[in-house]
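A.B. asks: Below are the structure tokens for one structure; questions will follow.
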Amino acid sequence: MKLTLNSKIKELYSRPIGRDLCDKLLMQIGKSSSFLTNPIVGNIRLKTAAKLSAKFIDVSVFQAIINLVNSENEYPPQSESPIEETWWKDAVFYQIYPRSFYDSNGDGIGDLKGITAKLDYLKELGVDCLWLSPVYDSPNDDNGYDIRDYRKIMTEFGTMEDFDELLYEVHKRNMRLIMDLVVNHTSDEHEWFKKALDIDPKYHDYYIFRKGSKDNIPNNWRSFFAGEAWNYYDETGEWGLHLFSKKQMDLNWENEEVRLEVRDLVNWWLDKGVDGFRMDVINVISKNDGLPDGNEVIGEMVGIRGIEQYFYGPRLHEYLRELREKAFEPHKAFSVGETPGFGMEMAKLTTAKERGELDMIFSFDHLETPGHTRMEDYEYDLNYLRDYMIKWMTEYGDNCRMSLFYNNHDNPRMVSKITKNKEHHFAIQKLLAVMQFTLKGTPFIFQGDEMGLVNYDFESMDQIEDVESKGFYNEYTEKMGRAEAFNIILAGTREHARILLPWNENTNNRPELVRQQKANDELFGIYRFLIKLRRESHTLKYGSFKVLNSKKGRFVFQRNDIVTNDCNKANDYTYLVDCNLEPIAKKAYKAKGYELVFPKVLKNEAVLEPFEARVWKKIQ
Ligand code: ISL
Ligand code: CA
């Protein structure tokens, strides 16, 4: 049934996309779902809601939401059967940003040999699978997310032989490796794009071009990295679409030959033996027909005008299924999609096992407290993280698997967002680690998490190379002073996550970036301990989840094993995790009948120190 302005709020909320969008809105205004589902509000018609909220939300927003909701006719399958066990649910993943991981030859740039050199370190940590951010040939406008040749290794990182050696050494240690698949766009230096500009008809249709004069831009979309989403090409008298940097040209997925190319390159790497892919912005590959203008108000609200025209596009499911069936499935390869903007229902619709699309996705709604954005200097609220986790733990379903992460190469370190007070950092790092390895899902460590890295005190824009930061800095300086603009960049810049890891070895040419921090060996030991605990516990990987206390500042939960009749899988223990989410001491949970697992010793059993986290195991 199609929604119209005559439909009721409860009808909107009962539809998957409607629910996600409402939930996002509710989150922003700090209300729970009962705010919309109670009979009085639930029965209000959308046109009335539009009138009532006309002061804040334009009616066009309602229409845009209705269109999005109507574009999805399917519902996520319910999960009834127990969780199916598989290697990527058992695994602990570790993301490597190669440029800043380990520099083996002293040129200041991390490289493949550097990764191989550190495999024993990663094995010791207990990591099962590595995810490599892009290592392909690239002019590095966006540090490798702008690919020039999908079958060649970036010169600074080494050679294909180095890659083969790395893969061999990874597998030799019983670990796995997944690559980054960046196929929403290519570099404008890719052969295909060069041929496209030469009006080779085959390649011209690989990209998204629109004829028109210079003063007639095809639509009002903005790029993720500030500025318009279109470049003008004098040589052809056309506009070309780029959702990201000016050198990252969007591929035309409508063209079957593009999809064949993607499938070929995925198969090429899988044939080589890689174990799967993390798929960059994979949710934006299908754009609405005719590339209609983005809604101005939504653009203001979300920060990127045009996003509703492609972030959950009309042919997304079809493209994902095709790729799975023709490349991933035959290789039994793993996939995790990067899907900025996705809510839980969208996540279920792309990852539920029965749907045959992706294995997992990264949802990002937990990275900022609602009402705040990354480019903002504020203190992140752990109470929100707790509520987010509880919602996903309880509603996502056993046919879906959640990815658990706090950091990646696109974000400042979460620990610094929680507080700038260094005194608390170590406790917070332990707290985050405890949650990451005892909650239900598959953990993704970002390089340096285990070293206790925090944000870097950049002093000027000269130290920041990231294309996104530069784009926004230019935009902000037009609106405000340089100092204020720099402050915002300092809070949100991706550069924090991209400085060379402090291996405490003097082998790089930007030592000033490393010297500021020192790897925390004690934290490494704690990560190792918690990862081992998780590895050896069926409960922690697959057990059920129950909240015991979620009052302000607290998060106490229990993990119980699934009852199994399989005598090879003897019932594991029950765990209890007691977390203090605030910088003040609190009365600890009385874990009667439990023995302490983490930390090793307590100063005072009755008192939880600021940000302390404890893990208890039931005595059997
Ligand atoms: O950084 C972000 C928020 O955390 C996003 O806006 C980010 O740009 C978006 O999630 C897409 O990220 C991915 O694709 C980009 C690349 O620059 C990022 O590094 C990559 O993770 C374009 O390929
Ligand atoms: Ca190097």
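Bear in mind these aren't lab numbers, they're just calculated from the coordinates by the rules spelled out. Keep in mind it's a predicted model, so treat the numbers as computed, not measured. Here the Cβ is made from the backbone with ideal geometry for all residues, glycine too, and neighbour counts use every protein chain on show.
A.B. asks: Just the number, please: Stokes-Einstein D of segment 262-329 in µm²/s, Kirkwood Rh from C-alpha pairs, 25 °C, 0.890 mPa s.
C.D. replies: Stokes-Einstein gives a translational diffusion coefficient of 179 µm²/s.
A.B. asks: Which value, in debye to the nearest 20, gives the size of the charge dipole of segment 147-219 about its Cα centre, when Lys and Arg are +1 and Asp and Glu are -1 at the Cβ?
C.D. replies: Charge dipole, segment 147-219, about its Cα centre: 360 debye, nearest 20.
A.B. asks: Please work out the Cα center distance from segment 579-616 to segment 374-388, rounded to the nearest Å.
C.D. replies: Computed from Cα coordinates, the inter-centre distance equals 23 Å.
A.B. asks: If you take the charge dipole of the chain about its Cα centre, with +1 on Lys and Arg Cβ and -1 on Asp and Glu Cβ, which of Y203, L367, G313 is farthest toward its positive end?
C.D. replies: Of the candidates, L367 comes out farthest on the positive side.
A.B. asks: Apply the Karplus curve 6.51 cos²θ - 1.76 cosθ + 1.60, θ = phi - 60°, to the phi angles in segment 486-494 and return the couplings in whole Hz, x for Gly and Pro.
C.D. replies: Each residue of segment 486-494 in turn: 5, 4, 5, 4, 4, 5, x, 4, 6 Hz.
A.B. asks: In the chain, with Lys and Arg counted as +1 and Asp and Glu as -1 at Cβ, which of these residues, L501, I57, N549, has the Cα nearest the positive end of the dipole, that is, farthest along it?
C.D. replies: Towards the positive end, the residue furthest out is N549.
A.B. asks: If you don't mind, there's one more thing I want to ask. Check which residues have an amide H placed less than 5 Å from L251's amide H, if you skip close sequence neighbours.
C.D. replies: H185, T186
A.B. asks: On full extension of the chain, what length is gained from N38 through F426, given 0.36 nm per residue of separation minus the C-alpha to C-alpha distance? Please list the in-between numbers first.
C.D. replies: Values: separation 388, 0.36 × 388 = 139.68 nm, distance 4.33 nm.
My answer for the length gained is 135.4 nm.
A.B. asks: Right, something else. Using label points projected 7 Å from each Cα along Cα→Cβ, tell me how many nm separate K214 and H171, to one decimal.
C.D. replies: With each label placed 7 Å out from Cα toward Cβ, I get 5.4 nm.
A.B. asks: Based on the Cα gyration tensor of segment 1-75, what are the three equivalent ellipsoid semi-axes, each the root of five times an eigenvalue, rounded to whole Å and given largest first?
C.D. replies: On the way: eigenvalues 55, 44, 31 Å².
Taking √(5λ) for each Cα gyration eigenvalue gives 17, 15, 12 Å.
A.B. asks: Here's a follow-up. Out of residues 5 or more away from L548 or on other chains, whose amide H comes under 5 Å of its own, with H placed 1.01 Å from N in the peptide plane?
C.D. replies: V556, F557, Q558
A.B. asks: Report, by chain and number, residues whose modeled amide H sits under 5 Å from the one on R413, excluding near sequence neighbours (fewer than 5 apart, same chain).
C.D. replies: Amide H neighbours of R413, under 5 Å, 5+ apart: N455.
A.B. asks: Next question. Which value results when the Cα radius of gyration for segment 305-431 is divided by 2.2 N^0.38 Å?
C.D. replies: Working: Rg = 16.8 Å, N = 127, 2.2 N^0.38 = 13.9 Å.
Here the Cα radius of gyration is 1.22 times the empirical estimate.
A.B. asks: What does the helix-only formula give at 222 nm for the chain: each DSSP H stretch with n ≥ 4 adding -39500 (n - 2.57), the total divided by the residues, and the result rounded to the nearest 500 deg cm²/dmol? Don't skip to the answer; put the middle values down first.
C.D. replies: Numbers: 24 runs with 210 residues, N = 620.
Here the helix-only value at 222 nm equals -9500 deg cm²/dmol.
A.B. asks: Across all directions of projection, what mean area in square nanometres is found for the Cα convex hull of the chain? Present the calculation step by step, with values, prior to reporting the outcome.
C.D. replies: Working: hull surface 114.7 nm².
Across all orientations, the chain yields a mean hull projection of 28.7 nm².
A.B. asks: On to the next question. Mean shadow of segment 117-216, computed from the convex hull of its alpha carbons, in nm²?
C.D. replies: On the way: hull surface 34.0 nm².
One quarter of the hull surface, i.e. the mean projection, equals 8.5 nm².
A.B. asks: Choose one of S223, S133, F529: the residue whose Cα lies farthest towards the positive end of the charge dipole of the chain (beta-carbon charges +1 Lys, Arg; -1 Asp, Glu; about the Cα centre).
C.D. replies: F529
A.B. asks: On average over all directions, what projected area in square nanometres does segment 576-620 have, based on the convex hull of its Cα atoms? Each step should come with its number before you reach the end.
C.D. replies: On the way: hull surface 11.1 nm².
The orientation-averaged projected area of the Cα hull of segment 576-620 comes to 2.8 nm².
A.B. asks: Can you spot the lysines whose alpha carbon is less than 19 Å from K326's alpha carbon? Ignore those fewer than 8 places along the same chain.
C.D. replies: Within the straight-line cut-off, K326 pairs with K272, K353.
A.B. asks: Which three extents, in angstrom, do the Cα atoms of segment 36-163 have along their principal axes, listed largest first?
C.D. replies: 66, 42, 24
A.B. asks: Under the definition of Cα pairs under 8 Å and six or more residues apart, what whole-number percent is the relative contact order of segment 317-381? Each step should come with its number before you reach the end.
C.D. replies: Details: 61 pairs, mean separation 20.1, N = 65.
Dividing the mean separation by the residue count of segment 317-381 yields 31 percent.
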